[in-house]
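Working notes for the structure below.
The values are calculated or read from the model by the stated rules, or taken from the named source; none is laboratory data. Quick caveat: nothing in here was measured; it's all calculated off a predicted structure. Cβ atoms come from the backbone with ideal geometry, glycine included; neighbour counts cover every protein chain shown. For accessibility, only protein heavy atoms count, side chains too; no ligands or nucleic acids. Shrake-Rupley method; radii C 1.70, N 1.55, O 1.52, S 1.80 Å.
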Amino acid sequence: MRVLRAALGPVFIVAGVLHFVRPGPYEQMMPPWIPLHREAVLVSGIGEVVGGAALLDRRTARFGFWWLAALLVAVFPANVYMATDPEEIPWVSKSGVPRILLWARLPLQPLMILLLAVATRRD
């Protein structure tokens, strides 16, 4: 499980840093009914960095699991919005990604939560 945590930690850290380096695409993914898009993107970026860093240490890995599981649930509406209204998201509509792939992406979040649970279970 240590190897899996060591792989997942940096993935979340890099994903979180990207929220600061390129916030625009993340802001566009935000459903219109969620206020403060920029702030929400920055908070979720911080959340990914914190959760990813927590995965790297055995003593904080379980906290990292719960933190990231909550974060993945919190950002799920943005992924649903991207699947249901891709024409409203400029970078998605320009990319030509088939809608079926946007829908296929949705089950990946519960699978990621499961993977995090496996990676952080106590030995």
Residues residue 20 and residue 58, FRET efficiency given R0 of 35 Å [Cβ-Cβ distance, rounded to 0.05]: 0.80
Accessible surface of residue 27 - all protein chains present, 1.4 Å probe, nearest 10 Å²: 40 Å²
Entry for Kirkwood radius over Cα pairs in Å (calculated from the structure that is shown) out of [x] 15.7; [y] 22.3; [z] 15.0: [z]
With every protein chain in place, the chain: carbon and sulfur % of accessible area (1.4 Å): 71 percent
The chain, relative contact order in percent, only Cα pairs under 8 angstrom and at least six apart counted: 31 percent
Where a label projected 7 Å from the Cα of residue 95 along Cα→Cβ would reach, residues of the stretch 17-41 with amide N under 19 Å: 17-32, 38, 41
The chain - accessible surface per residue (Å², probe 1.4 Å): 60 Å²
Difference of contour (0.36 nm per residue) and Cα-Cα distance, residue 84 to residue 103: 6.0 nm
